[in-house]
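The values are calculated or read from the model by the stated rules, or taken from the named source; none is laboratory data. Note that the structure is predicted; figures quoted are calculated from it, not measured. All Cβ positions, even for glycine, are placed from backbone atoms using ideal geometry, and neighbour counts span all protein chains on display. SASA here: full protein model, heavy atoms, side chains in, ligands and nucleic acids out. Shrake-Rupley method; radii C 1.70, N 1.55, O 1.52, S 1.80 Å.
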Amino acid sequence: MDFRIILLALATFVTGTAENIVIGILPEVASGLDIPIGLAGQLTAVFSITFALVAPMALFVATRLERKAMLCLALLLFIASNLLAAASASYAVLFMARIGMAAASAVACLVATMLAAELAGPAMRGRAIGIIFMGISGSMVLGVPVGMLIGGHFGWRAVFVALALLAAAVLLICLRTLPTMGHGQPAASGYRQHLRSLPLVAAQLVSILMIGGHFMLFAYLAPYLTDVVGVAQGSITLFFLAFGIAGVCGGYCGGWLADVAGPRLAIVATPLAYLVALLAIPLAAKVPGLFIIAMMAWAMISWMISPVVQSFLIATGPQTAEAGVGLNLSAMHVGVGLGTALGGSALAWLPLQSLPWLGGVLAAGAVAAAFVAVHRGAQTTWMTQPDL
């Protein structure tokens, strides 16, 4: 595997940590700013919504700006936003800092994913994309638990200082090792063509619904662990560590499944397996050993979906591949924002125990969308094949 793909994954590791870090320090942020925990949870939602809006626009910038420069500027913005978050004296300032982090993360993830797919070639494309998403999921193996430890010892503001320092180190490595990478392809026509294809749009919906179902619970996993499962406060970090290890495996497994079984089979099998794993969570909640197994299965399958869907988009619509990847990064974060916002709203009326079941409704929708993508994709391929 090309070393540059590992470096690109490192950039997504840093930005992925920023997205999820609030989940691990949610009670501390809420207490420190004297706000309800549901409002603090919206700091994840605003990150995801901003990411969803910026990712498609970033592809237009990529047609005019050299990609290495684009990645480095994104990391600079990321550093500045984290320093602002560390110095924030109010919820409003932290809210604005999260918007800056999200914009930087959108650009970094888009550039990293596009370049990884190009560097790897068709035979290894799924695994290359999987490695990029291992960087994101890896942020939960090290980033979120370590962030929780830093927050516990030095306060939640120190977490954002640590993120800024890590991003500065990645920026220096990128400046020294990445070559000039060229520009992206024109985006407008690719977006129009992509959005006219029902199979491709249905595949994007798979990402939105499955990730939305995931974040309905994951965004509030820390209080779910303490209040429903009965995990002691001091042991929560270990549960997040187990979750993250499974998630890292899922990023690569999703790419491997898409390469070996094919994107069409993978895009159906993954949300089906995810639905089963999510519904197992509340059933195993009162048996700690069984719960850990169910939680790790849930985590692994949840991170399989991104390389699976992106491999499907590239294989089914190769002429709109860059637009498809840009839109899918946006779709993923629409899902994160949707799930987090719906979960926070549900908690105003329903107990924490309801979150996995509500998430299962969205996951079932992802299964239906996957069948539409595969069925209509097969019809489109048959109808467009030339006569022999």
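Scan segment 171-183 residue by residue and report those that are in contact with a helix residue (DSSP H, G or I) (Cβ under 9 Å, 6 or more places away or on another chain) and either modelled with pLDDT of 90 or more or not in a helix (DSSP H, G or I) (or both). So that I can check it myself, show each step before the final result.
Step one: of segment 171-183, the residues in contact with a helix residue (DSSP H, G or I) (Cβ under 9 Å, 6 or more places away or on another chain) are 171, 173-175, 177-183.
If the condition is that a residue be in contact with a helix residue (DSSP H, G or I) (Cβ under 9 Å, 6 or more places away or on another chain) and either modelled with pLDDT of 90 or more or not in a helix (DSSP H, G or I) (or both), then LEU171, LEU178, PRO179, THR180, MET181, GLY182, HIS183 are the ones that fit.
Across segment 141-170, which residue is modelled with the lowest pLDDT among those that are open to solvent by 20 Å² or more (accessible area, probe 1.4 Å) and among the β-branched types (Val, Ile, Thr)?
Per the criteria, the residue is VAL141.
Kindly check whether there is at least one residue in segment 150-161 that is over 30 Å from PRO263 (Cβ atoms), touching a residue at least 60 places away in the same chain (Cβ under 8 Å) and either of a type in the set (Asp, Glu) or not in a helix (DSSP H, G or I) (or both).
Yes, that holds for at least one residue.
So LEU238 passes all but one of these: (1) modelled with pLDDT under 85; (2) over 24 Å from the mean Cα position of the chain (by Cα). Which condition number does it fail?
(2)
Consider GLY339 against the criteria (1) closer than 29 Å to ALA106 by Cβ; (2) modelled with pLDDT of 85 or more; (3) open to solvent by 20 Å² or more (accessible area, probe 1.4 Å); (4) among the small types (Gly, Ala, Ser): it satisfies all of them except one. Which criterion is unmet?
(3)
Residues checked against (1) within 29 Å of ALA40 (Cα to Cα); (2) of a type outside the set (S, T, N, Q):
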residue	(1), (2)
PRO56	yes, yes
SER81	yes, no
ALA86	yes, yes
GLY100	yes, yes
ALA104	yes, yes
GLY126	no, yes
ILE129	no, yes
LEU142	yes, yes
GLY151	yes, yes
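Residues in segment 299-358 that are aromatic (Phe, Trp, Tyr) and out of contact with any helix residue (DSSP H, G or I) (no Cβ under 8 Å at 6 or more places or on another chain): how many? First the steps, then the outcome.
Residues of segment 299-358 aromatic (Phe, Trp, Tyr): 303, 312, 349, 357.
The next check asks that each one be out of contact with any helix residue (DSSP H, G or I) (no Cβ under 8 Å at 6 or more places or on another chain); those that pass are 349.
Residues that pass the stated criteria total 1.
So is GLY360 modelled with pLDDT under 90 and either open to solvent by less than 10 Å² (accessible area, probe 1.4 Å) or under 20 Å from ALA52 (Cα atoms) (or both) or not?
Numbers: modelled with pLDDT under 90: no; either open to solvent by less than 10 Å² (accessible area, probe 1.4 Å) or under 20 Å from ALA52 (Cα atoms) (or both): yes.
Considered against the rule, which asks whether it is modelled with pLDDT under 90 and either open to solvent by less than 10 Å² (accessible area, probe 1.4 Å) or under 20 Å from ALA52 (Cα atoms) (or both), GLY360 comes out as no.
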